[in-house]
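The values are calculated or read from the model by the stated rules, or taken from the named source; none is laboratory data. All figures in this text were calculated on a predicted structure; none of them were measured in a lab. Reconstructed Cβ throughout: ideal geometry from the backbone, glycine too, with neighbour counts over all protein chains shown. Side chains included, ligands, DNA and RNA excluded: accessible areas come from the protein's heavy atoms. Shrake-Rupley method; radii C 1.70, N 1.55, O 1.52, S 1.80 Å.
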Amino acid sequence: MGSEIRKLEHIFTDFQFVFTDIKELNLLDFTAVEEFISKENFSLCLNCAAYTAVDKAEDEEELAMKVNFEAVENLAKVCELYKIFLVHVSTDYVFNGEMNRPYIETDSTSPNSVYGWSKLKGEEAVFENTSRAIIIRTSWLCSAFGNNFVKTMLRLGKERSELGVVFDQVGTPTFAADLATAMLKIAQQIDSKPIQEIYHFSNEGAVSWYDFAKAIMEESGLDCIVNPIESKDFPTKAKRPFYSVLNKEKIKKDFNIEIPYWRDSLRIVLKEISRQVLPN
Ligand SMILES: NC(=O)c1ccc[n+]([C@@H]2O[C@H](COP(=O)([O-])OP(=O)(O)OC[C@H]3O[C@@H](n4cnc5c(N)ncnc54)[C@H](OP(=O)(O)O)[C@@H]3O)[C@@H](O)[C@H]2O)c1
């Protein structure tokens, strides 16, 4: 997510960007966070840092909670102290997936996993410690950067002739470049008024992981046959929501944002992946 924002630096020239990561700044260290932030005259903080290993979190609850709750708490406190607007990224996994219509921001949360709980605690930490913040919940993040479903499918599509992918979990992919653009458009519209709002953002449409995998194979011309399987036949440590489509009406209306259809953005990312050798 952070790398996609960095790619837009040359387009959003009204901002001066400072990027950092754990090598330079560990968000678990409150003093280091305050020292880092006090050095510059920041007006806005876009927090993309998180513990994101959903299955591993089931065995590493303490670490997941530290990064997704305590680190967020540190950041939120320092943002409040220095009057910095905080945009924090959260997840569809705060929902249990039992809904049968797209989730709106006010729907009750009830995570199925340690990761989901840790991110929900992070959301609470944001609003308990800052008066000017928005939380953007997103789902199924994909990009030419990092490891994600698109890249896994491309690898497996080349290695195997056949593959089973779950068809009973439905959501919406989010191409991180589209979310990065939305975050910066939102940043342009922020004023000095207190605000605490949650927004949902993913690409347009809804799809199962099976349909998504089929589309990846088709769009990239891979011959691999994708078969639909049930979640019970693909057990994972962390339980995922069966349905986590997000309703984006609020973010579209409040910030006048247009969201691309997931398959159109998939084509763009596949082109990028085929053109570039990117660091992970
Ligand atoms: N990926 C998804 O499918 C998905 C879906 C919904 C929501 N989200 C949310 O979207 C956001 C961005 O996700 P992403 O996929 O871009 O995550 P990512 O690729 O895992 O990046 C997270 C970054 O946070 C860094 N980090 C971890 N602990 C830190 C600490 N203590 N201090 C400073 N930095 C730290 C990580 O560094 P290391 O790599 O060195 O650990 C990594 O660079 C997260 O809030 C995530 O919860 C993701």
Quickly work out the GLU197-to-GLU124 label distance, labels modelled 7 Å from Cα along the C-beta direction, and quote it in nm with one decimal.
-> 2.5 nm
Separation between Cα centres of the range 5-44 and the range 155-221, rounded to whole Å = 25 Å
What do you get for Rg/Rh over the chain if you use C-alpha atoms and the Kirkwood form of Rh?
-> 0.96
In square angstrom, what is the accessible area per residue of the chain with a 1.4 angstrom probe?
-> 50 Å²
Which lysines have a Cα less than 19 Å from the Cα of LYS239, not counting those fewer than 8 places away in the same chain?
-> LYS56, LYS119, LYS121
Rounded to the nearest 10 Å², the accessible area of PHE15 at probe 1.4 Å | 60 Å²
Spatially proximal lysines relative to LYS193 (Cα-Cα < 19 Å; intrachain offsets below 8 disregarded) | LYS77, LYS83, LYS185, LYS250, LYS253
In cubic angstrom, how much convex hull volume per residue do the alpha carbon atoms of the range 92-188 span?
-> 139 Å³
Sequence-distant residues sharing a close amide H with GLU204 (under 5 Å, placed H) | TYR261, TRP262
Cα convex hull volume per residue for the range 27-106, in Å³, equals 108 Å³
Say R0 is 22 Å: what FRET efficiency, to the nearest 0.05, do ILE268 and ARG6 get from their beta-carbon distance?
-> 0.80
Under 19 Å from the LEU28 label point (7 Å along Cα→beta-carbon), backbone N, the range 54-92 | 54-78
Taking the Cβ of PRO111 as the center, what net charge do the other residues with Cβ under 11 Å away carry, scoring Lys and Arg +1 and Asp and Glu -1?
-> +2
Over the chain, the sum of -39500 (n - 2.57) across DSSP H runs of at least four, divided by residue number and rounded to 500 deg cm²/dmol, gives at 222 nm -11000 deg cm²/dmol
Tell me, what % of the accessible area of the chain is carbon and sulfur with a 1.4 angstrom probe?
-> 49 percent
